[in-house]
């Protein structure tokens, strides 16, 4: 199994900090500011963001395998 480097030289870590972390912060701010009946929206934002990130990871792995 390939070792995972948890630093900013790793492309996945940079994408996570650039894409997923702002979505989490946005979701927290929306959860605080939205009325009770719209509290599902921040959860939906986090789920959609995580699915998009995981899809990008899978596509990136396929791209790396095809380049080898």
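Just so it is clear, none of the values below were taken in a lab; they were calculated from the coordinates. Bear in mind the structure is a predicted one, so any value in this text is a computation, not a measurement.
Principal axis extents for the chain, Cα atoms only, whole Å, descending order, please.
Largest first, the chain extends 51, 21, 18 Å along its Cα principal axes.
What is the chain's relative contact order, in percent, from Cα pairs under 8 angstrom and six or more apart in sequence? Please list the in-between numbers first.
Numbers: 28 pairs, mean separation 19.6, N = 68.
Once normalised by length, the contact order is 29 percent.
From the helices alone, meaning DSSP H stretches of at least four residues, give me the mean residue ellipticity at 222 nm for the chain, per-run term -39500 (n - 2.57), in deg cm²/dmol to the nearest 500. Spell out each step's value before the answer.
Working: 3 runs with 46 residues, N = 68.
Here the helix-only value at 222 nm equals -22000 deg cm²/dmol.
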